[in-house]
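Computed from the coordinates by the stated procedures, all read-outs in this text should not be read as laboratory data. All values derive from a computational prediction rather than experimental measurement. Cβ: placed from backbone, ideal geometry, glycine included. Neighbour counts: every protein chain shown.
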Amino acid sequence: MGSAAELAAAALMMLGFPCLMVAALVPSVPAFAAAAAVTYLADHYLHRKGSYLINRLSKVRAGLSIRFLIRQLLLVLLLARLALSDDLVFYGAIACFIAFYGLQAPHGALVTLIRNRRRMPVATRNIDLASRIRIPDAPPRVLLDRSAEKMLHLDLAAVVGVLVSATIDAPVPGFVGIGVTVLLGCLYVLALMPYVRGRKIPPNAEKVLAALDGWLRDHRPETVLYFSGSKDSAYQVNMWLETMEQLDSKPLVILRERAILERMAPTTVPVVCVPGGVHLMNMDLSTVRVALYAANVGKNIHLLRVPTMKHVFIGHGDSDKLASVNPFSKVYDEVWTAGRAGRDRYAIADVGVRDDDIVEVGRPQLAPIRTWQGVPEGRIPTILYAPTWEGWDDNPGNTSILLAGENIVRGLIKADPPVRVLYKPHPFTGTRSSAAKAAHTRITALVEKAAAARGTDGRFTADASAQAAAKAELARIEARLAELSGGGGEKGDEAEATRDGLADTARHEEVARLRSEWNDAYWRSFGTFEHRVITDAEPRLYDCFNVSDAMVSDISSVVSDFIASGKPYAVTDSAELGVEEFKRQNTAVRAAVVLGNGAAELGELLAAVRDPASDPLAEDREELKRYLLGPDEPTSIDQFNTAVADLAAKAETRNRGQEARAAAGGAVEEVEPEDAEQAAR
């Protein structure tokens, strides 16, 4: 429902209108002016915040235009109650508001037309369409950004002028304000008109798609990463971008939702966002031989229908969740898993995926995860709590947050000898379940309270000058990153971003270097003993892995990834299946300390961290790592590239066979239906 400030602003705005009516009826010009000021300011604040409450108000017949119209009508009522209904300013105000609302129609139509005409059938990054078609500059943001709000607020001049006239009983201020409002409204409409005609308009869909096909024919992409999903699932495609950059074949990323494109991480790989299924199915993808799918979604069918390429499900994680053995996976030519565990998982699930169609390729994304060398001398152990989210149903085994989260965090912050806690929840946490959201809030409070207490504990000291230097370095890096990303300037619209969205390799490499430096400075900017809640995208999960000595999590790909580090870990049996059954059902738990909802077993995990030599699960973790993630040699990216090449060769063989059959079939006489039926018998 928004923040407390947004709720207060909405309440003030809605209470302001009854006050306006009372002030008009009394009548009281000062009271009316004060109430009007409150409604204007509250309305403006909510729009600046992009508040969810603004949309809710329109659902209860209190939309933006209605709110302004009511205020204007109440101003007319105020004038009538002040016995000014025979004055020219009264009629001027009515004429002004009628004319002003008359301007709303052409204004709204022009804004809509500009936006529609500048919405490209496809949006691209790292694809040079500007050399093939002309894409004009976007209109100034001042014209289109929150345009309805800006247009309606132009009535402020007339309202102020009329109120001044009513106060001093002189018509001049009123007519000046009325003139300013009407003039500014007309100028706003006139300023929009050039952008709906001539060279201000981008090419039509036919020309844009033809230009894209021309680029595809010249570039000849061979391997496609295809993705569709909600805006919150962008991380699922982002995790594969570095792998796509390291392919031996020519890569291309195809997205289906503009919201994903907006949230996609920087990359040098060509990217095309094709929202329309018809447009996608008509794209020239004749050179593509391998299509990789990171999620099982309905829109996959739009590319799966292309027979000239081989289709592979690569997923966005490797875990024992049911999503990892989705029956939909049998529509692909192959399913690629990290290690033997994925193959066995499909065999046990028996969902129609053949063993011959499964290829083990490792996990290229895990290359940044460093192998554990024990707790560095001079610092206390760091334990990462990284629970998954609540899922789409209320299965108690989905997440530990609801039943065990607070017990886990309390156990860790009260551990003796002490440890540091990093809390990094799944980004979806609390999006479906209010109970999960409330639990997350309580856990956050626990960690922050413990961090504050530790800051005043004399046992823990930090080098204040080093931290200050690290914070200064963070500020410097962030400023440079903002400069490189164009954060300080105006951003164009989709058409302009498509025209100008070509990757600068040198800039991309500098950003990668700066992000690495940022991560190093981040961890140095606070004490190695300080508890931390990490909910932002940065530092990334793998960065948290590298500074941690152990992890507590749930059944998810996070556990499988963490196993690459060789560090001790614990998994919560939130559904209370029992240790043996829990390990039987979940491969990744075989080398884990299993926690109940009370988290009483945390001591076993902490003992393994403090004395690695006597860790009873160390050998089991090494064996499980090979089973889940495959061998260390050859490297995962080499395995991945080999799998791509092998499948591309299969696609090429199939296509040549089809061409040969088509050529041979051209010499065969067409069979009549009756003859075909007889032959079938």
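Considering only I94, I477, A8, the residue lying farthest towards the positive end of the dipole of the chain is I94, judged by Cα position with unit charges set on Cβ. Look at where the Cα atoms of the range 203-237 and of the range 82-136 average out, and the two centres are 31 Å apart. Among beta bridges from DSSP that stay inside the range 230-349, the antiparallel ones total about 0%.
Computed from the C-beta positions of R220 and A645 and an R0 of 25 Å, the FRET efficiency is 0.95 to the nearest 0.05.
Is the range 359-413 rounded, prolate or oblate when judged by the Cα gyration tensor, a ≥ b ≥ c being the square roots of its eigenvalues, rounded requiring a/c under 1.5 and prolate requiring a/b larger than b/c? Taking the square roots of the gyration eigenvalues as a ≥ b ≥ c, the range 359-413 is oblate. Taking Cα atoms, how many degrees apart are the long axis of helix 64-81 and the longest axis of the chain, rounded to 10 and kept between 0 and 90? Tilt relative to the chain: about 20 degrees.
Axis of helix 88-118 versus longest Cα principal axis of the chain: the two differ by about 30°, to the nearest ten degrees.
In terms of other Cβ atoms within 10 Å, M151, M551 run from fewest to most in the order M151, M551. Using a simple spin-label model with pseudo-atoms 7 Å out from Cα toward Cβ, K49 and R656 lie 6.6 nm apart. Taken one residue at a time, the phi angles of the range 141-156 give Karplus couplings (6.51, -1.76, 1.60, θ = phi - 60°) of 4, 4, 7, 10, 6, 6, 4, 5, 4, 5, 4, 5, 6, 5, 6, 4 Hz. Gly and Pro are set to x. By the gyration tensor of its Cα atoms, with a ≥ b ≥ c the square roots of the eigenvalues, what is the shape of the range 220-366: rounded for a/c under 1.5, prolate for a/b over b/c, or oblate? In terms of gyration-tensor shape, prolate. Between V176 and E601, what's the calculated FRET efficiency when r is the beta-carbon distance and R0 is 56 Å? Round to 0.05. So, using R0 = 56 Å, E works out to roughly 0.15. Distance from the C-alpha centroid of the range 415-454 to that of the range 1-60: 36 Å, rounded to the whole angstrom. Under 5 Å from the amide H of T124 lie the amide H atoms of C273, T498, each residue being 5 or more positions distant or on a separate chain, with H modelled from the backbone and absent for Pro and chain starts. Measuring r between the beta carbons of R432 and R197 and using R0 = 51 Å, the FRET efficiency lands at 0.65. Here the Karplus relation 6.51 cos²θ - 1.76 cosθ + 1.60, evaluated at θ = phi - 60°, turns the backbone of the range 368-385 into coupling constants of x, 6, 8, 6, 6, 10, x, 5, x, 5, x, 9, 7, x, 10, 10, 8, 9 Hz, with x for every Gly and Pro. Scalar couplings 3J(HN,Hα) for the range 505-521, obtained by applying the Karplus form with A = 6.51, B = -1.76, C = 1.60 to θ = phi - 60°, are 4, 5, 5, 4, 5, 5, 4, 4, 5, 5, 5, 5, 5, 4, 4, 5, 5 Hz; x denotes Gly and Pro. Between helix 340-349 and the chain there is an angle of about 80 degrees, using the helix long axis and the longest principal axis of the Cα atoms.
Taking 0.36 nm per residue of sequence separation and removing the Cα-Cα distance, the R507/R626 pair yields an extension gain of 39.1 nm.
What shape does the chain have by the C-alpha gyration tensor, where a ≥ b ≥ c are the square roots of the eigenvalues, rounded means a/c under 1.5, and otherwise prolate means a/b greater than b/c and oblate the rest? Oblate, since a/c reaches 1.5 and b/c is not below a/b. Distance between the modelled labels on A664 and A205, one decimal in nanometres: 4.2 nm (7 Å Cα→Cβ projection). Please list, in chain and number order, the residues 5+ apart from S51 or on another chain whose amide H is under 5 Å from its amide H, with Hs placed from the backbone. Under 5 Å from the amide H of S51: no residue qualifies. Taking each of K207/K250; K207/K650; K49/K437; K49/K424 in turn, the alpha-carbon distance tops 30 angstrom for K207/K650. Measuring between their Cα centroids, the range 590-632 and the range 169-200 lie 71 Å from each other. As a proxy for reagent exposure, L78, L303 were ordered by neighbouring Cβ count within 10 angstrom, fewest first; the result is L303, L78. Here the spin labels are modelled as points 7 Å beyond Cα on the Cα-Cβ line, and at L577 and E149 they lie 4.9 nm apart.
Taking amide hydrogens as placed 1.01 Å from N in the peptide plane, the amide H of H311 sits under 5 Å from those of A291, D333, E334, each at least 5 positions away in sequence or on another chain. Counting neighbouring Cβ atoms within 10 Å and putting the fewest first, the residues V335, V351, V552 line up as V351, V335, V552.
How long is the gain from V297 to A453 if the chain were fully straight, where each residue apart is worth 0.36 nm and the alpha carbon distance is subtracted? Each step should come with its number before you reach the end.
Details: separation 156, 0.36 × 156 = 56.16 nm, distance 4.67 nm.
Full extension of this stretch gives 51.5 nm more.
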